[in-house]
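The next block holds one structure in the form of C-alpha cells; read it before the comments.
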Amino acid sequence: MSINVERKQFPLLYVHQHSRGVIGWGAHKMVGQECQMYGIKHALLVTTGLKGTGIVEEIESILKAHDIAVTIFDGVTSNPKDFECKAGTEVYLQAGCDGVVTVGGGSAHDAGKGIRIMVENDGVDTSLRDFCAFLDPHYTTRIPTYKVVTIPQVSVNTTTGTGAEGTAFAIVNDEEWRYKLILVVPGVAPSVGLNDPALMRLQPPHLIAWAGMDAFCHAMEPFIGRFNMPVVHGVALRAIKLLSENLRQAHGNPYNDTAMENMAWAQYIASMAYNVGGGMGMVHGLAHMVSVLKDLHHGYTNAIMMLPVERFNSIAVPEKFKEIGEAMGLDIHHMNPVQATDKTLEAIERLRNDVGIPQVPLKEFDFTDDDIEHSVKWSLNDLSREANPRQVNADQVRTIMRSCL
Ligand SMILES: [Fe+2]
C-alpha cells in the first residue's frame, strides 16, 4: 500500500536560497572587494543613471580603486525593456567585460540579469522569450534545457522595495507582446546584493513610498499564497511589521536613520518571502500588466492594484489577513477572521494613503477596454497566478480590472 498524496494541491514545494547579502551603513563600499571575490576584472556597470545623486560616480571610483575596469551602460529605464538588454549585451561583448555590476533599483538589477542571460546564450541574437516562465507550458518543464548563468553579478541596491538584488527572477518588458517576461534561469540570481541605507535615503520621498508598497506586496502575497510555506510565514510577517512601523517615517523624512535602516531590512526579507518559494499573486500579475501598458512604476502599480485584488482574495484566506493585521499592530485579537480582515484591509489602505498614494482610477492613465482584455489574456498564463490564494478565471480578472477604471 502506498501513501495517498493525491489530495494535496502542492505535494512538493521547492525552497530556494536567496542571494548573499551585505546590509548596513556603508555596505556599498564593499563593491570592489565583492567583485574581486567573484573574479571580475572588467565590469559592465548597468544603471538607469541615478542622475544628481553621485552614486554611479562613487561606485565607479571604488571599482577603479580596486583595479577593476569599468564600462558604463546607463541605457536602462524604469520597466526595463528587451531592446535595452540587447543594447547592454552589445556593449558587454564589445568591451570584453567579464561580469556585471548593477547600481539602482529593480530596473537596473533585472536588466543586468537579462544581459547575463543573453551573453551566456547567443549574445544579441538571444530571444528572452525563450526563458519566460509561463504556466502553460509549465516553465519547470523547460528549465532543465537551459544553460546555467555563470557570469557574476554584484548588485548595489538603492531602493526601499525591489528585492531584485537578491532574487532569482528577472522581469523584462517584451515591447512587441506588451507583456512583462518573467525570466527564470538557473544561476541568474545576483552573486551578492549590497543594501545600504545611506544610498536609500537619497531617493525622493515618492519613490520611497512606491518601493515601500512594492515591498509590502512582496511580503503579503507569499504570506497569503497557496504555496503556504512556514519558512515564508516568519519573514513575511516580520517584514509587514517593519514596513507598517517605518514606511511612513522614512517617507516623511528620508534622513530618519532608524526608519531607513529598518526599511533596508524590510525590503530585503520581504523579497526573501517570495523568492525562497512563497511565490507571488495576482496583485503583481495585474500590476505588471498596468505598468507594461502605461509605463508606470512597478511599485506604484502594485499600490494601485493591491486593495482591489486582495478584497477579492480575502474570502479564501481571512485567517491570514487577521495575522497580517496583528503584525501591523491592530487590536483585532477578539474578532473573528472576517471582521478582522476588514480592519486589516482598512489599515493597509490607510498606510498607502498616508504615504501619498490614493486609489487612482485606471482611466486617469487612459486605460481602455482593450487594455483590460489584453491584461485578462496575458495575466491568466502569468507565473504570478500560480500562488494566488483564490482561484481566478477570466471573468473575475475582468471584473476586478473594470472596478479599477
Ligand atoms: Fe514587486
Quiz item: Would region 182-204 turn up any residue that is of a type outside the set (G, A, S), under 25 Å from I372 (Cβ atoms) and in the same structural domain as G106 (by TED's automatic domain parsing)?
Solution: yes
Exercise. Tell me which of these A108 doesn't satisfy, since it passes every other one: (1) surrounded by fewer than 24 Cβ atoms within 10 Å (Cβ to Cβ); (2) within 16 Å of the ligand (Cβ to nearest atom); (3) aliphatic (A, V, I, L, M).
Key: (1)
Quiz item: Filter region 50-90 for residues that are of a type in the set (A, V, I, L, M) and under 23 Å from I182 (Cβ atoms); which is surrounded by the fewest Cβ atoms within 10 Å (Cβ to Cβ)?
Solution: A87
Quiz item: What number goes with the only condition from (1) of a type outside the set (D, E); (2) farther than 18 Å from E175 by Cβ; (3) not in a strand (DSSP E or B) that V70 does not pass?
Solution: (3)
Quiz item: Is there any pair linking a residue in region 306-334 that is over 20 Å from R226 (Cα atoms) to one that is surrounded by fewer than 21 Cβ atoms within 10 Å (Cβ to Cβ) and of a type in the set (D, E), with Cβ under 7 Å and at least six apart or on different chains, and which?
Solution: I332/E326; H333/E326
Exercise. Being touching a residue at least 60 places away in the same chain (Cβ under 8 Å) and closer than 18 Å to V192 by Cβ is the filter here, so list the residues in region 68-99 that pass it.
Key: G99
Exercise. Would you mind telling me which numbered condition in (1) within 19 Å of G123 (Cα to Cα); (2) more than 16 Å from the ligand (Cβ to nearest atom) L181 fails?
Key: (2)
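Taking the condition among the aromatic types (F, W, Y) and more than 16 Å from the ligand (Cβ to nearest atom), does Y274 pass?
Values: among the aromatic types (F, W, Y): yes; more than 16 Å from the ligand (Cβ to nearest atom): no.
No, not satisfied.
Sort through M280, M263 and tell me the only one that's over 17 Å from P358 (Cα atoms), part of a loop (DSSP other than H, G, I, E, B) and either at pLDDT 95 or above or not assigned by TED's automatic domain parsing to the domain that holds N388 (or both).
Working: M263 fails: part of a loop (DSSP other than H, G, I, E, B).
On inspection, the qualifying residue turns out to be M280.
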Quiz item: Quick check: is even one residue across region 343-354 surrounded by 13 or more Cβ atoms within 10 Å (Cβ to Cβ) and either farther than 20 Å from K241 by Cβ or not assigned by TED's automatic domain parsing to the domain that holds G252 (or both)?
Solution: no
Quiz item: Can you tell which of G325, G285 is within 30 Å of R129 (Cβ to Cβ), surrounded by 21 or more Cβ atoms within 10 Å (Cβ to Cβ) and not basic (K, R)?
Solution: G285
Quiz item: Quick one: would you say L199 is within 16 Å of the ligand (Cβ to nearest atom) and more than 18 Å from R116 (Cβ to Cβ)?
Solution: no
Quiz item: Out of (1) touching a helix residue (DSSP H, G or I) at 6+ places or on another chain (Cβ under 7 Å); (2) within 30 Å of Q33 (Cβ to Cβ), the odd one out for R178 is which?
Solution: (2)
Practice problem: Go through region 197-231 residue by residue and tally those that are in a helix (DSSP H, G or I), at pLDDT 95 or above and out of contact with any Lys or Arg (no Cβ under 8 Å at 6 or more places or on another chain). | Solution: 21
Self-check item: Hits in region 204-225 - residues which are surrounded by fewer than 24 Cβ atoms within 10 Å (Cβ to Cβ) and either within 16 Å of the ligand (Cβ to nearest atom) or among the hydroxyl-bearing types (S, T, Y) (or both)
Solution: L207
Quiz item: Mind checking which residues of region 118-173 are closer than 24 Å to W25 by Cα and of a type in the set (D, E)?
Solution: E165
Practice problem: Could you list all residues from region 41-78 that are over 26 Å from the mean Cα position of the chain (by Cα) and among the aliphatic types (A, V, I, L, M)? | Solution: I62, L63, A65, I68, A69, V70
Quiz item: Given the structure, is G114 away from the ligand (no atom under 16 Å from the Cβ), surrounded by fewer than 16 Cβ atoms within 10 Å (Cβ to Cβ) and not polar (S, T, N, Q)?
Solution: no
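Could you please find all residues in region 132-166 being within 16 Å of the ligand (Cβ to nearest atom) and either loosely packed, with under 13 Cβ neighbours inside 10 Å or within 15 Å of L383 (Cα to Cα) (or both)?
Of region 132-166, the ones within 16 Å of the ligand (Cβ to nearest atom) are 133, 155, 157-166.
Passing the criteria: only A133.
The values are calculated or read from the model by the stated rules, or taken from the named source; none is laboratory data. What you are looking at is a predicted structure, and each value in this text was computed from that prediction instead of being measured. Cβ coordinates were reconstructed from backbone atoms using ideal geometry, including for glycine residues, and neighbour counts include every protein chain displayed.
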